[in-house]
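Inspection log for the structure reproduced underneath, given as structure tokens.
The values are calculated or read from the model by the stated rules, or taken from the named source; none is laboratory data. These numbers come from a predicted model, not from an experiment. We place every Cβ from the backbone using ideal geometry, glycine too, and count neighbours over all the protein chains shown.
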Amino acid sequence: MPDRPLEQNCAITGIGQSAIGRRLGIDPLELTLDACLAAVDDAGLALSDIDGVSTYPGMMSAPRGFSGAGAVDVIDALRITADWHDSGAETSGQLGSVIKACLAVGAGLADHVLCFRSVWEGTAQGTAGRASVGMGGGGSGFYASGFMQWTLPFGAASASCWIAQYAQAHMHRYGTTPEQLAQIALNARRNAALNPNAIYRDPMTMDDYFASRMITTPFHLFDCDAPCDGATAFIVSRRELAADLGGTPVFVEAVGTAMRDRPSWDQIHDLTRTVGADAADQMWGRTSLTPADVDVAELYDGFSFLTMLWLEALGLCPMGGSGPFVEGGHRIARDGPLPLNTHGGQLSGGRLHGYGFLHEACVQLRGEGGERQVDSQPRVAAVAAGGGNTCGCMLVSTLQ
Amino acid sequence: MMADAPFRILPELTDSNRHFWQGGRDGRLVFLRCQQCGYYLHPPTPVCPVDRSKDIAPEAVSGRATVTSFTVNHHQWIPGFDPPYVIGLVSIIEQPEVRLTTNIVHCEPDEVVIGMDVRVVFEHHEDPHGDIWLPLFEPAAAPGDTRA
């Protein structure tokens, strides 16, 4: 490893989001550009300063709504002169695209990289209610291929069916309870109530949670994130350029990309320790900071249980100990020792697919959380996205 | 399709997976196996990941497995394939790291537990592109069972 990890040459100098809603009916490229222009403006830059573009997953064959725009769509729409651009889904989760931007900046390929993630799954689902976004198929004449051939014939059509089995295994091995799992969803809803951009803001009790319909044991409806329309963007800048921009830079302290287990949803070695633990171990090896330094945690909750896995992976609680850690919800509350998913996560804030967590980390570190701002003046945030076989994490801070 | 079989989305048959999806014709659960080191390859792949040998051939296993995890699915994902049903992840006894996502059948959902012994049972689906035999798993000690 170099003396100074490349990502430490970077700062997030701008953040931006489009409108966020269940079904906005807005052209996904327009949503994307709204977020991108907001981030450029927030950074105090002009479009002519942007010399790189990075996104996840880019233009790929994917379920409708999963990708709002490719890198080249944005480059062309904004007439960006790009010295570097990149996209793709074969990376360290959604944050992989931001991490790659850090590497490009650290390597001197670009000075200010525009990163974005854009989804329109809410509109893509049409009026069929809160349906799942399937990963392919259905109907006569359709055959399952690739990975889905191993799951779809058995009705395991969604990631919920795969990750529920991780949760069941965790409950079996460590005694984790459904009430403990519920705390992730309840905490998210409490925080979303204070976030004007969140999807679900009405109060939710433990009874409400258990009364929601079962999707696949142990996941109730409110253990599953809420598909929505929305885009999020960041500007990753060369660190020494950040000071002149006038805003509060959020420095990239360390990143984690490791994926040492099989890249599979069902062949991974240990269902109770997904590959996020590899990324987290690597991340902590690239910084002098430790889990005790984390002031706020913004951890992926595509399904509630994934947040518990990330708490363990990042060493914020003992391995296997996430159940007792979140018991009662006090430790993870906004006024607790480890405020968690302070914007409502994807469960209540909307499935912005990974980027929402980094956005909220920047908001909190900049002290711009408004009603939901944690009082303890956080300086270090742990951010994680993905779960199962694609994961990445970042440690960001305002420490000089 | 068997008269009592539900609608299923079937796998697309290819030269690399035919042994698996059609092995049930003869009641056999078949995986590719490295003929040099004995490692079972799943999903199918042309080179053994252990010794990089290309000397690979389909071989039947016993069909016995244990339940590594499971979930009782209540959501209707696929029109015509009605919940509730048990999705299980089973590990074959010959090489437990080989796992199959499957359905646990011939028992009540609340009878399924992690660690239980199961055995393969095939569900035959006729299809113009080639018949499919889906490997499902049932409790190894089914009540009233008289089979060996």
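Restricted to segment A:285-305, and to residues there that are out of contact with any Ser or Thr (no Cβ under 8 Å at 6 or more places or on another chain) and either assigned to a strand (DSSP E or B) or of a type in the set (A, V, I, L, M) (or both), the residue that is surrounded by the fewest Cβ atoms within 10 Å (Cβ to Cβ) is A:Ala292. Of the strands (runs of 3 or more DSSP E) lying entirely inside segment A:160-279, the ones with 1 or more residues being more than 21 Å from B:His75 (Cα to Cα) and in contact with a His (Cβ under 8 Å, 6 or more places away or on another chain) are found at A:229-238. Checked against (1) away from every other protein chain (no Cβ under 11 Å); (2) touching a Gly at 6+ places or on another chain (Cβ under 9 Å); (3) at pLDDT below 95, B:Val30 passes all but condition (3).
Within segment A:348-356, can one find any residue that is in contact with a Phe, Trp or Tyr (Cβ under 7 Å, 6 or more places away or on another chain) and either surrounded by 24 or more Cβ atoms within 10 Å (Cβ to Cβ) or at pLDDT below 95 (or both)?
Just the residues of segment A:348-356 that are in contact with a Phe, Trp or Tyr (Cβ under 7 Å, 6 or more places away or on another chain), to begin with: A:348, A:354.
Subset that is either surrounded by 24 or more Cβ atoms within 10 Å (Cβ to Cβ) or at pLDDT below 95 (or both): A:348, A:354.
Among the residues of segment A:348-356, at least one is in contact with a Phe, Trp or Tyr (Cβ under 7 Å, 6 or more places away or on another chain) and either surrounded by 24 or more Cβ atoms within 10 Å (Cβ to Cβ) or at pLDDT below 95 (or both), which makes the answer yes.
For segment A:166-199, a residue qualifies if it is out of contact with any helix residue (DSSP H, G or I) (no Cβ under 7 Å at 6 or more places or on another chain), more than 9 Å from chain B (Cβ to nearest Cβ) and among the polar types (S, T, N, Q), and exactly one does: A:Asn197.
Search segment B:59-116 for residues being among the hydroxyl-bearing types (Ser, Thr, Tyr) and over 16 Å from A:Ala164 (Cβ atoms), and hand back the single one that is farthest from the other protein chains (Cβ to nearest Cβ).
Initial filter on segment B:59-116 (among the hydroxyl-bearing types (Ser, Thr, Tyr)): B:62, B:66, B:68-69, B:71, B:85, B:91, B:101-102.
Then drop every residue that is not over 16 Å from A:Ala164 (Cβ atoms), which leaves B:62, B:66, B:91.
Numbers: B:Ser62: 20, B:Thr66: 13, B:Ser91: 10 Å.
In this case the residue turns out to be B:Ser62.
Of the strands (runs of 3 or more DSSP E) lying entirely inside segment B:1-100, those carrying at least 3 residues that are surrounded by 20 or more Cβ atoms within 10 Å (Cβ to Cβ) are B:29-34, B:64-73, B:85-92. The sole residue among B:His106, B:His125, B:His74 that is modelled with pLDDT of 95 or more, under 21 Å from A:Ala169 (Cβ atoms) and not β-branched (Val, Ile, Thr) is B:His74. Just a yes or no: is a residue in segment A:221-229 touching a Pro at 6+ places or on another chain (Cβ under 6 Å), crowded, with 20+ Cβ neighbours inside 10 Å and either closer than 30 Å to B:Leu134 by Cα or facing another protein chain (nearest Cβ under 8 Å) (or both)? Within segment A:221-229 (the criterion being touching a Pro at 6+ places or on another chain (Cβ under 6 Å), crowded, with 20+ Cβ neighbours inside 10 Å and either closer than 30 Å to B:Leu134 by Cα or facing another protein chain (nearest Cβ under 8 Å) (or both)), the answer is no, since none of the residues qualifies.
Going through segment A:145-165 one residue at a time, which ones are facing chain B (nearest Cβ under 7 Å) and touching a residue at least 60 places away in the same chain (Cβ under 8 Å)?
Our first condition is that a residue be facing chain B (nearest Cβ under 7 Å); within segment A:145-165, this holds for A:145, A:149-158, A:161, A:164-165.
Within segment A:145-165, A:Trp150, A:Thr151, A:Ala164, A:Gln165 qualify.
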